[in-house]
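This report concerns only the one structure given below.
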Amino acid sequence: MNDHIQLLKKQVRQLQIAVIGCLSILSIVIFSAFAANNNGDRIIRTRGIVIEDSNGRDRILIGAPIPYSPSRVRTDTTLVRKYWSKNFPDPDQYMKWYSTYRNSAIGMVVMNEEGFDRVQVGDKVADPNTGQRMFESAGIFWNDKEGFERGGAAANTTKDGKSRSIIGVDNHEGEAVHLMALEDGTNAISINGEEGHLLIGSSKKDGQWFENKKPFTGMKYFDKKWKLIWEQEMKRKGN
């Protein structure tokens, strides 16, 4: 469990660096535009910004929604098939699923030299390349060098309009560690392992994650099928 916690701390540090970097880029763009125009109300009105690197490759997309880029792997189905479909048992079925994924976002996307998304910041962010998001998300997400999502921090909106805040870090197998504050009053850390799921935190009565009828604070361990294997509840002395 300590390794998972250390991983979470490392990813949080990376998140802080990514946020600072994104804010710095936005500040430079805005400052440059203001400096070039000393008249009027100093308001920038544009539908999109594409920032190139020194070799002329598109690297940063900013807009509402982000502008199209021919350099971006996500919007080139030929490259999607080449780089990503091979990772799935049925490449053709993956391409059918992929056609339903959201690739746009309102905010900013940073790409690497190969055109893979590395960081996205904004509202209604793009789906990961492995499936549709369960919620409408606003926040920051980061990927590995091949565009596979490895974590994020977001305010998620459920279909009934409720909000939940989650910071998650992923490994090559999927979701690894999550820090969550949910709409039903659950506040917890979820650690996924090879054999099951460890939950540490608290929940109000009738909590969905801890499967508790009464208010609960403590730890529970579930197997892969979410069958309760072990639990330890924290109680006041004398109770």
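In summary, E183 fulfils each of the numbered conditions (1) part of a strand (DSSP E or B); (2) closer than 19 Å to G152 by Cβ; (3) not polar (S, T, N, Q) with the single exception of condition (1).
If you filter the range 110-151 down to residues that are assigned to a strand (DSSP E or B) and basic (K, R), you find that the one that is farthest from the chain's Cα centre (by Cα) is R118. From the list S202, S190, S165, the one residue that fits, being of a type in the set (S, T, N, Q), in a strand (DSSP E or B) and in contact with a Leu (Cβ under 6 Å, 6 or more places away or on another chain), is S190. Would you point out the residue of the range 131-146, among those that are in contact (Cβ under 8 Å) with a residue 40 or more places away in the chain and out of contact with any Lys or Arg (no Cβ under 7 Å at 6 or more places or on another chain), that is nearest to G63 (Cα to Cα)? Ranking the qualifying residues of the range 131-146, first place goes to I140. Residues in the range 85-109 that are assigned to a loop (DSSP other than H, G, I, E, B), in contact (Cβ under 8 Å) with a residue 12 or more places away in the chain and not polar (S, T, N, Q): Y101, R102, A105.
Any read-out appearing in this document is the output of simple, stated calculations on the displayed coordinates, not a laboratory observation. Remember, it's a predicted structure, so these values are computed and weren't measured experimentally. Methodologically, a virtual Cβ is constructed for each residue, glycine included, from the backbone with ideal geometry; neighbour enumeration extends over all protein chains shown.
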